[in-house]
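One structure below.
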Amino acid sequence: MESLQKSKKFWLVNLFLLFCFLAIVAIIKFGPNILSKLPPSLSSSLPKIISKKPSVKIASEVAKFKSEEEFKKYLEKSEETFEGGYGIAPMGLGMEERAVTLEAPDIAAAPQAAEKAVAPERVSETTVQVAGIDEPDIVKTDGTKIYFSSDMPVFRSQPEPIEPMPLVDEKRAIAPGNPGIIPPRYEAETKIVKAFPPADLEKIATIEKTGNLLLEDNILVIFSNQDIYGFDVSDPKNPQQKWKLGLQTRNRLITSRLYKGKIYLFTQTSVNSVRPCPISVLEGSTNLTVKCIDIYHPITSVPVDVAFTAMALDPSSGSIDKTTSFVGSSSSSVVYMSQDNLFITYTYTDDMIGFFYKLFKEEASDLVSSDIIQRLEKIKDYDISSRAKWIEIQTILEEYKNSLDDDKRLKMENEFTNRMSDFVQKNARALEKTGIAKIDLSDMEVAATGGVPGRPLNQFSLDEYKGHLRMATTTGQQWMFGVRPNESVNDIYVLDKNLETVGSVLDLGLGERIYSARFIENKGYLVTFKQIDPFYVLDLSDPENPEKKGELKIPGYSSYLHPITKDKILGIGREGQKVKVSLFDVSNPANPTELDKYMLNEYWSEVESTHHAFLLDTKHQVFFLPGSQGGYVFSYKTDLLQLTKAVSDIRAKRAIYLDDYLYIVGEDKIAVLNELDWEKVNELEF
């Protein structure tokens, strides 16, 4: 009986260790969204970042591979440390903001003289994060036409075949000479609509491709799955495909931007460890293959299973101007672009073996003999993979546990579990890290790399202002070693032009996570949430001494923040099961207030997932947001939120304004409202 009990306990010990190992592997391999790039790994001093000026040293040196063999060796080293480069990642990819009023377009170059006399003086743009940098979306306008990429299937009849269809079988035989019946096709399309003046509202053409759109002069770019198309729409009734680019196998498009006549594309390529380079990225009008000697990597080892490529594309020809490539880790990446630089982030888990050894040495050394600590330290420095190291650790700990009697073994297991939980809580910032690559737009070369603890929510978590990058992260939402920190933390980091941390604001919203962030010049705004919505106002005027100035706690949360005026911030999110719109007064940063709020009888708005669905019209002091039951126009005059107009009979997706007309674009129709009296003046059903 005693031998049976020992055997049973032996297997329980093995199962316990196996559980720890599998938990770590699961975190590393399947942690929610992660992506990476070439930034260097963060130093082990990250936990010391609990001060105003955290003692964080980031290895920032980068180099290009000299050969394929060097690339292979780098991959091997990465696998030894990070088990293939998988890790914990950002919570999502977000989007951008800000509607911009354009000057009247240059009509002189327009192909049709009839449009010269009716071009609007006011034309809205897609709501983006940075003014002047356009982002792809399903709706674009040039002031006279609307381009709408719809997911709603369109019925298309098939042409009859010239040859008779063959006989099938006796029950389904087709009579000789009968061409048979070919089922219709249901396909989505991009619609071209003559929009201005409203009386002439008409669908004038379609393109049998769908996807997010960018519009530069008379070239409409459609990002359709693995293909990118450039259509000449100078004759809008007869769009012509001008070029096509296809992503090669193992590639995917992360996102794109349009700035000063150039489209910036960002792709991710899975790395083949047997033949990691050259990397084939694009084929079609322009072929793009990246050589080994043109791929950047940080000097310090980082998780690697993909290569990122950033490139500048000429929309008129589809040709690639400049490119840069660098290694990183897969899943989701956050891309932020300022008017000077491009930033790509990746979030990963640092060396788990080193972390585990540190746990034993600092928190559990009294639970094992000094000999065990020494053996663990030796394993940490072995030149073998993390998986092999972990097997060695398992063997050592199993042997030690088997040397204990039942009482001591039970005590050790309970003590270790509790100490591990405390250690993970104290050191979460050292394990969850996000690397950053900075690319100079002038030459498309890597200008700097760096990193911070935690993970960003989306692109609004990053912002560059006067040479400093501000970044908001959450740490402690992920499981590590089978446990999760008792409290998550939210931090703001300020990095200089070399991406070295010079200041921080730590521990905002303990136990919560970031739901939205916004940086506007010297101010920052952050919303965290668990049960209430703390709205934080940050003073970032001194990069080395950023500070929290004010805090407002209210029910619900805001998942999108948009500046209405210099001192007014609009928040869109939820309270309970309803969409909530809040208007915040931040004129006194130390005492932010909620001027007004409106509870919309909707469970969801697309603004919660993409800022492109939001539209601000400052002339009429209104904004638009879509819901599941229709489209809504709100007024914010006199610091009050008033529902000015609700349109119920439309599957609303977006809105634009042309002069004083608001066009609500839906899957099923376009409705045009006169902003002077909010009466419907026309509509077009699809």
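The values are calculated or read from the model by the stated rules, or taken from the named source; none is laboratory data. In this text the structure is predicted, and so the values were computed from the model without any measurement. Using ideal geometry, Cβ is built from the backbone for each residue, glycine included, and neighbour counts are taken over all protein chains shown.
The table for this structure:
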quantity	calculated
Answer residue from segment 367-409, given it is hydrophobic (A, V, I, L, M, F, W, C) and part of a loop (DSSP other than H, G, I, E, B) and is nearest to GLY354 (Cα to Cα) among those	ILE384
Some residue of segment 344-359 being at pLDDT below 80 and in a loop (DSSP other than H, G, I, E, B)	yes
Residues located in segment 410-440, provided they are among the polar types (S, T, N, Q) and in a strand (DSSP E or B)	THR434
Sole exception among (1) crowded, with 18+ Cβ neighbours inside 10 Å; (2) in contact with a Lys or Arg (Cβ under 8 Å, 6 or more places away or on another chain); (3) not β-branched (Val, Ile, Thr) for GLU667, by number	(1)
Selection count where residues are closer than 16 Å to GLU683 by Cα, among the hydrophobic types (A, V, I, L, M, F, W, C) and in a loop (DSSP other than H, G, I, E, B), scope segment 638-661	1
Residues of segment 381-414 classified as hydroxyl-bearing (Ser, Thr, Tyr) and touching a residue at least 40 places away in the same chain (Cβ under 8 Å), total	2
Odd one out for PRO236 among (1) in a strand (DSSP E or B); (2) farther than 28 Å from SER442 by Cβ	(1)
Residue in segment 641-650 that is under 30 Å from the mean Cα position of the chain (by Cα) and closer than 21 Å to LEU201 by Cα present	yes
Matching residues, segment 638-655, being touching a Phe, Trp or Tyr at 6+ places or on another chain (Cβ under 6 Å) and small (Gly, Ala, Ser)	ALA646, ALA655
LYS401 basic (Lys, Arg) and under 23 Å from ASP371 (Cα atoms)	yes
Residue match in segment 240-254 (condition: surrounded by 19 or more Cβ atoms within 10 Å (Cβ to Cβ), in contact with a helix residue (DSSP H, G or I) (Cβ under 9 Å, 6 or more places away or on another chain), closer than 27 Å to ASP440 by Cβ and of a type in the set (S, T, N, Q))	no
Condition check for VAL334: within 21 Å of ARG455 (Cα to Cα) and of a type in the set (Val, Ile, Thr)	yes
Qualifying residue in segment 299-320 (condition: assigned to a strand (DSSP E or B), in contact with a Lys or Arg (Cβ under 8 Å, 6 or more places away or on another chain) and β-branched (Val, Ile, Thr))	no
Total residues in segment 269-290, condition touching a residue at least 12 places away in the same chain (Cβ under 8 Å), in a strand (DSSP E or B) and under 21 Å from LYS66 (Cα atoms)	7
Verdict on TYR296 being crowded, with 16+ Cβ neighbours inside 10 Å, touching a residue at least 60 places away in the same chain (Cβ under 8 Å) and under 20 Å from the mean Cα position of the chain (by Cα)	no
Cross-chain or 6+ apart pairs with Cβ under 8 Å, segment 594-620 first and in contact (Cβ under 8 Å) with a residue 12 or more places away in the chain and crowded, with 22+ Cβ neighbours inside 10 Å, then outside any helix (DSSP H, G or I) and among the acidic types (Asp, Glu)	HIS611/GLU96; HIS611/GLU97; HIS612/GLU96; HIS612/GLU135; HIS612/ASP137; PHE614/GLU97
Condition met for ILE299 (more than 16 Å from PRO278 (Cα to Cα) and hydrophobic (A, V, I, L, M, F, W, C))	yes
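Here's the yes/no breakdown for (1) acidic (Asp, Glu); (2) under 21 Å from LYS140 (Cβ atoms); (3) assigned to a strand (DSSP E or B):
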| site | (1), (2), (3) |
| --- | --- |
| VAL579 | no, no, yes |
| TYR603 | no, no, no |
| HIS620 | no, no, no |
| VAL672 | no, yes, yes |
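Table: residues versus (1) buried (at least 22 other Cβ atoms within 10 Å of the Cβ); (2) of a type in the set (Asp, Glu); (3) farther than 17 Å from SER301 by Cα; (4) touching a helix residue (DSSP H, G or I) at 6+ places or on another chain (Cβ under 8 Å).
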{"residue": "PHE416", "(1), (2), (3), (4)": "no, no, yes, yes"}
{"residue": "ARG419", "(1), (2), (3), (4)": "no, no, yes, yes"}
{"residue": "ALA428", "(1), (2), (3), (4)": "yes, no, yes, no"}
{"residue": "LEU431", "(1), (2), (3), (4)": "yes, no, no, yes"}
{"residue": "THR434", "(1), (2), (3), (4)": "yes, no, no, no"}
{"residue": "ALA447", "(1), (2), (3), (4)": "no, no, yes, no"}
{"residue": "GLY450", "(1), (2), (3), (4)": "yes, no, no, no"}
{"residue": "ARG455", "(1), (2), (3), (4)": "yes, no, yes, no"}
{"residue": "LEU469", "(1), (2), (3), (4)": "yes, no, yes, no"}
